[in-house]
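The values are calculated or read from the model by the stated rules, or taken from the named source; none is laboratory data. Worth saying up front: this structure is predicted, and the values here are computed from it rather than measured. Because the Cβ atoms are built from the backbone with ideal geometry, glycine has one as well, and the counts that use them run over all protein chains shown. With ligands, DNA and RNA removed, areas are computed over all heavy atoms of the protein, side chains included. Shrake-Rupley method; radii C 1.70, N 1.55, O 1.52, S 1.80 Å.
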Amino acid sequence: MPEGGVNLIIISVTAALTMTSVRVLLRGYAGDGTVLKPVMRAVNRHLAADATAGRFVTLVYLVLEPDTRDVRWINAGHGPIFLFDPTADSFEDITAQDIPLGINPDWQFEEHERIQWPSGSILLIGTDGIWETQNSEGRAFGKDGL
C-alpha cells in the first residue's frame, strides 16, 4: 500500500459516514418541504455538535414546485447554482450562499426564492470537483468549461 494510503481510507470512510448522517438528518427533519430554514438549522446544529477536526459539509437544499416552477433553496457553502434558459440561450449564476454545515452551530441560514423560472430551463448544481479537475497541462476545467 502506498505511503499515506491508510489515512486516505480513513478520510474516505469518515466523509461517507458524515454524508450518511446528513442524509438521515435531512430526511428526519424535512417533512413535506414546506419549511427550509428550521430543517437546515437543525441539521447544522447536530452536525456541528458531532464535527471534529474541521469537518464540514456543503449542501444545496432545494424545493421545486413543478406546477408553478417556483424554486426555494438554501445554499450551505456549495458551489454556485447555474440556470440555463434555452429561450434566451443564456446562463445565470445564482451565487447566494451561506457557510457550510457543521462550522457554526448557531448560523442563521437564509432561504432564497425565485418565482416561475423559465419553462424548459435547466438547473445545474455542480461540485468543486468538476471545475477544479485539471487537464494534462495542469489547467483547471473551470466554471466556463462547465
Rg from C-alpha atoms of the range 26-146, normalised by the globular rule of thumb 2.2 N^0.38 Å, equals 1.19
Kirkwood radius from Cα pairs of the range 76-146 plugged into Stokes-Einstein at 10 °C, 1.306 mPa s, gives D in µm²/s equal to 111
Reported to the nearest 10 Å², Glu137 has, with a 1.4 Å probe, an accessible area equal to 140
Treating every alpha carbon of the range 98-137 as one equal point scatterer without solvent, the Debye formula yields log10 I(q)/I(0) values at q = 0.21 Å⁻¹ of -0.92
At the level of C-alpha centres, the distance separating the range 113-136 and the range 30-44, in angstrom, is 23
Here the longest stretch of the chain that holds no trypsin sites (Lys or Arg not before Pro) in a DSSP loop having at most 15 other beta carbon atoms within 10 Å is 70-138
Only helices counted: for the chain, with every DSSP H run of 4 or more residues adding -39500 (n - 2.57) and the sum spread over all residues, [θ] at 222 nm is -10000 deg cm²/dmol
Rounded to two decimals, the Debye log10 I(q)/I(0) of the range 7-76 (Cα scatterers, no solvent) at q = 0.17, 0.19, 0.20, 0.26 Å⁻¹ is -0.67, -0.79, -0.85, -1.21
With +1 at each Lys and Arg Cβ and -1 at each Asp and Glu Cβ, the charge dipole magnitude of the chain around its Cα centre, to the nearest 20 debye, comes out at 540
per DSSP, antiparallel bridges as share of beta bridges in the range 64-124, % nearest 5, sits at 95
When the charge dipole of the chain is computed with +1 on Lys and Arg Cβ and -1 on Asp and Glu Cβ about the Cα centre, the Cα farthest towards its positive end, among Gln116, His78, Gly33, belongs to Gly33
